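Q: What follows is a structure written as structure tokens; I'll ask about it next.
The values are calculated or read from the model by the stated rules, or taken from the named source; none is laboratory data. Since the model is a prediction, treat every value here as computed from it, not as a measurement. Heads up, the Cβs are rebuilt from the backbone with ideal geometry, glycines too, and the neighbour counts pull from every protein chain shown. Calculation scope for accessible area: heavy atoms of the full protein, side chains included, ligands and nucleic acids excluded. Shrake-Rupley method; radii C 1.70, N 1.55, O 1.52, S 1.80 Å.
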Amino acid sequence: MSIPAELRYTPEHEWVAVEGTVALQLGDVVYLSLPQVGTAVTAGEPCGEVESVKSVSDLYSPVDGEVTEVNTELEDDPSLVNAEPYAAGWMFRVQVAQDGTGDPALPPDLLSAAEYEELTKSAG
């Protein structure tokens, strides 16, 4: 699977697509507990749960902001996260605060696609 260059990544394998000042949370999943619309999320802090066939893990937001939309299709079909993690399997959108120049205030430790690909190669 190729790693989309337009996304940003965390070392914990969360993905985020940034469109203006809105970040789209992307992310082997059988059940999801996602944050509700209006919830404030903090980068690196738990905001829900992801259950795979082997374990339950906390879901972390890769950015700070307010949840503006949740992918309700995942309630009926959480396998979309596995099948289409970069498209229909998105989890939630976050309105990200702006920095002093009007750009999204993203955490400095988000990885580019090339950095994330390197990380996954060295871990594998």
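Q: Quickly run through the range 97-119 and pick out the residues that are farther than 18 Å from residue 13 by Cβ and out of contact with any Asp or Glu (no Cβ under 7 Å at 6 or more places or on another chain).
A: Taking the range 97-119 as the starting set, the residues that turn out to be farther than 18 Å from residue 13 by Cβ are 97-105, 108.
Selection gives 98, 99, 100, 101, 102, 103, 104, 108.
Q: Same structure again: Is there a residue in the range 54-65 that is touching a Lys or Arg at 6+ places or on another chain (Cβ under 7 Å), in a strand (DSSP E or B) and not charged (D, E, K, R)?
A: The answer is no, given that none of the residues of the range 54-65 is touching a Lys or Arg at 6+ places or on another chain (Cβ under 7 Å), in a strand (DSSP E or B) and not charged (D, E, K, R).
Q: Restricting to the range 76-108, and then to whatever is polar (S, T, N, Q) and in contact with a strand residue (DSSP E or B) (Cβ under 7 Å, 6 or more places away or on another chain), can you tell me which residue is surrounded by the most Cβ atoms within 10 Å (Cβ to Cβ)? Spell out how you get there, then give the answer.
A: Of the residues in the range 76-108, the ones polar (S, T, N, Q) are 79, 82, 95, 98, 101.
Of the ones still in play, those that are also in contact with a strand residue (DSSP E or B) (Cβ under 7 Å, 6 or more places away or on another chain) are 95, 98.
Details: 95: 17, 98: 12.
So the residue we want is 95.
Condition check ((1) buried (at least 16 other Cβ atoms within 10 Å of the Cβ); (2) under 15 Å from the mean Cα position of the chain (by Cα); (3) part of a strand (DSSP E or B); (4) at pLDDT 95 or above) across all residues:
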| position | (1), (2), (3), (4) |
| --- | --- |
| 13 | no, yes, no, no |
| 17 | yes, yes, yes, no |
| 24 | yes, yes, yes, no |
| 47 | yes, yes, yes, yes |
| 114 | no, no, no, no |
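Q: While we're here: Tell me yes or no: at least one residue of the range 76-89 is of a type in the set (A, V, I, L, M), farther than 16 Å from residue 7 by Cα and in a strand (DSSP E or B).
A: Checked the range 76-89: no residue is of a type in the set (A, V, I, L, M), farther than 16 Å from residue 7 by Cα and in a strand (DSSP E or B).
Q: So which residues in the range 58-95 are among the hydroxyl-bearing types (Ser, Thr, Tyr) and under 14 Å from the mean Cα position of the chain (by Cα)? Give the steps one after another, and end with the answer.
A: As a first pass, look at the range 58-95 and keep what is among the hydroxyl-bearing types (Ser, Thr, Tyr): 60-61, 68, 72, 79, 86.
Answer for the range 58-95, where residues must be among the hydroxyl-bearing types (Ser, Thr, Tyr) and under 14 Å from the mean Cα position of the chain (by Cα): 60, 61, 68, 86.
Q: Identify, please: which residue in the range 56-75 is aliphatic (A, V, I, L, M) and out of contact with any Gly (no Cβ under 9 Å at 6 or more places or on another chain) and is, among those, least open to solvent (accessible area, probe 1.4 Å)? Full working, then the answer.
A: As a first pass, look at the range 56-75 and keep what is aliphatic (A, V, I, L, M): 56, 59, 63, 67, 70, 74.
Imposing the further condition that a residue be out of contact with any Gly (no Cβ under 9 Å at 6 or more places or on another chain) reduces the set to 56, 63, 70.
Numbers: 56: 86, 63: 1, 70: 31 Å².
Checking each candidate, the answer is 63.
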